[in-house]
1. Mind listing just one residue for me: the one in the range 29-56 that is of a type outside the set (V, I, T) and over 28 Å from W387 (Cα atoms) and, of those, least open to solvent (accessible area, probe 1.4 Å)?
2. Could you go through the range 305-325 and let me know if any residue there is in contact with a Gly (Cβ under 7 Å, 6 or more places away or on another chain), modelled with pLDDT under 95 and under 30 Å from V124 (Cα atoms).
3. Please tell me if V144 is within 14 Å of the ligand (Cβ to nearest atom) and either surrounded by 18 or more Cβ atoms within 10 Å (Cβ to Cβ) or part of a strand (DSSP E or B) (or both).
4. Based on what the data block shows, is T22 away from the ligand (no atom under 15 Å from the Cβ) and either in contact with a Lys or Arg (Cβ under 9 Å, 6 or more places away or on another chain) or under 29 Å from V270 (Cα atoms) (or both)?
5. Go through (1) open to solvent by less than 10 Å² (accessible area, probe 1.4 Å); (2) more than 25 Å from V157 (Cβ to Cβ) and name the single condition G362 misses.
6. Working carefully through the options R57, R72, R37, R104, find the one that is assigned to a helix (DSSP H, G or I) and within 27 Å of V166 (Cβ to Cβ).
7. Please verify whether the range 5-12 includes one or more residues that are on the phi < 0 side of the Ramachandran plot and more than 10 Å from the ligand (Cβ to nearest atom).
8. Six or more apart or on different chains, Cβ under 7 Å: which pairs go from a residue in the range 264-287 that's in a helix (DSSP H, G or I) and more than 16 Å from the ligand (Cβ to nearest atom) to one that's of a type outside the set (V, I, T) and at pLDDT 95 or above? Could you list them?
Amino acid sequence: MKIAVIGTGYVGLVVGACLAETGNDVICVDKDEVKVRLLRRAKVPIYEPGLTELVKRNAAEGRLAFTTQLSRAVKASEIIFIAVGTPQGEDGSADLQHVEAVARDIGKTMDGFRVIVDKSTVPVGTAQRVRAIVARETSHPFSVVSNPEFLKQGAAVDDFMKPDRVVIGAEDQRGAELMVALYQPFTRTGAPIMVMDCASAELAKYAANALLATRISFMNEVANVCELFGADVDRVRQAVGSDRRIGSSFLFPGVGYGGSCFPKDVKALVRFSADKKYDFKVLKAVEAVNQRQKLVLVKKLESHFKSLKGRTIAVWGLAFKPKTDDMREAPAVPIIKALLEKGATVQAYDPEAMNVARGIFGTKVTYAKKSYDALRDADALAIVTEWHEFREPDFDRMRRLMKTPVVFDGRNIYHPQQMQAHGFIYASIGR
Ligand SMILES: NC(=O)c1ccc[n+]([C@@H]2O[C@H](COP(=O)([O-])OP(=O)(O)OC[C@H]3O[C@@H](n4cnc5c(N)ncnc54)[C@H](O)[C@@H]3O)[C@@H](O)[C@H]2O)c1
């Protein structure tokens, strides 16, 4: 099939490359000229495992092209994915300006039947809105489809190639059938393609993210209560997670969730429910707990040292989760800001997010080339992201480098007894 993907961020680029991989002809569009120039040379501007190889191969085989000209892509394609950002607006709602601008441009340039797919995460009712915007610009027939994306950054290619399910919201047969055909190569192992109305598809995406965020905030509260009673959250988590009705994923306590999706999607669901006069109480609490949890590590550090003024704190992990360079809403940002405000010096290290961090903190932070360099003369180490390379470090080397052997582990990657045996003062979450 001939496909256009508008927006080549974490979602659009993965969608474009994976659809090319199954033999479709894909043109990816972005208004960011620098990005498009890089992609034309098969240089992928983000870190996502496996993506560079996929882009290189499919571009070389002539199935994947990049342009800044939306009209060229729209004219050449029968299915057009809108995969632009839907950032958080000032009042917590999803800002739809990019989606709407793209819908207008598609309407203006389409010259025959098109399937227009909302791939971006958009509030309930957006498919209708997109339909109205396009209809104002064109007399050609078209279908609007809502096809929310459930991929995880850090495993995005794998998730798209082997989805748990594909959700397609469609109001007419023609659009639904084309989408089902497009996704069939990805669901050979039996994952369901679920066709439903657009409102249900739109809400399914928010409900999924909000439920995952709820599990995280819930376990963070359980961890905080564990600390009050001397219980071990690892034991509690295992006991709870082995109940088949509950399952074991997304029950790890830590320093709160971040990223470009959970925080904004939780707020947007609260917001568009409120538009219908519905007070989504659970999610308001989920969000409040998350805000508090992001500063738990700083509070622990402060109560250990009494004052952080003049202290040197090493921070391992800046990205909002491992295997990505994305720092949008990353807990590391408020943590480092609070440390700096309290007069500490921060020596930071992340395997992939150093350049992004430089854009956020400039010269306020010292950037270490290697994880161990960050520890030099540090009063304490704060672990904020659970990258694999932090899991089995050389503890003796760590202790020798640090001024005092103090580790505050925001992701519970070490065991308290193990750290005690290595001579560290060690604190974690809920243990
Ligand atoms: N990041 C994720 O893990 C993830 C997962 C599922 C769904 N989503 C949703 O997918 C959408 C995109 O997210 P993302 O993380 O890929 O965003 P992103 O910010 O990484 O990328 C968006 C891209 O769209 C481009 N763009 C904006 N307006 C444009 C226009 N008018 N024409 C052409 N290009 C334009 C931007 O230049 C940018 O490259 C969001 O709605 C998000 O909520 C994201």
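The values are calculated or read from the model by the stated rules, or taken from the named source; none is laboratory data. Bear in mind that the values here come from a model prediction, so they are computed numbers and not experimental data. Every residue, glycine as well, gets a Cβ built from its backbone with ideal geometry; the counts of neighbours run over all protein chains shown. Surface areas here come from the heavy atoms of the whole protein model, side chains and all, with no ligands, DNA or RNA. Shrake-Rupley method; radii C 1.70, N 1.55, O 1.52, S 1.80 Å.
1. Just the residues of the range 29-56 that are of a type outside the set (V, I, T), to begin with: 30-33, 35, 37-43, 45, 47-51, 53-54, 56.
Going one step further and asking which of them are over 28 Å from W387 (Cα atoms), we end up with 30-33, 37, 40-41.
Numbers: D30: 20, K31: 163, D32: 64, E33: 114, R37: 139, R40: 146, R41: 147 Å².
Step by step, filter the range 29-56, then rank; the result is D30.
2. In the first step, residues of the range 305-325 are kept if they are in contact with a Gly (Cβ under 7 Å, 6 or more places away or on another chain); the result is 308-310, 320-324.
Pick out the ones that are also modelled with pLDDT under 95 and you get 323-324.
Of the ones still in play, those that are also under 30 Å from V124 (Cα atoms) are 324.
Looking for residues that are in contact with a Gly (Cβ under 7 Å, 6 or more places away or on another chain), modelled with pLDDT under 95 and under 30 Å from V124 (Cα atoms), one finds at least one in the range 305-325, hence yes.
3. On the way: within 14 Å of the ligand (Cβ to nearest atom): no; either surrounded by 18 or more Cβ atoms within 10 Å (Cβ to Cβ) or part of a strand (DSSP E or B) (or both): yes.
So V144 does not fit the description; no.
4. Working: away from the ligand (no atom under 15 Å from the Cβ): yes; either in contact with a Lys or Arg (Cβ under 9 Å, 6 or more places away or on another chain) or under 29 Å from V270 (Cα atoms) (or both): no.
When the stated conditions are applied, T22 does not pass them.
5. If we test G362 against (1) open to solvent by less than 10 Å² (accessible area, probe 1.4 Å); (2) more than 25 Å from V157 (Cβ to Cβ), just (1) comes out false.
6. On the way: R72 fails: within 27 Å of V166 (Cβ to Cβ); R37 fails: within 27 Å of V166 (Cβ to Cβ); R104 fails: within 27 Å of V166 (Cβ to Cβ).
Just a single option satisfies the conditions, and that option is R57.
7. Going residue by residue through the range 5-12, those that are on the phi < 0 side of the Ramachandran plot are 5-6, 8-12.
Those left that are additionally more than 10 Å from the ligand (Cβ to nearest atom): none.
So far as the range 5-12 goes, no, none of its residues is on the phi < 0 side of the Ramachandran plot and more than 10 Å from the ligand (Cβ to nearest atom).
8. S273/F280; L283/A210; L283/L269; V286/A213; V286/S217; E287/K267
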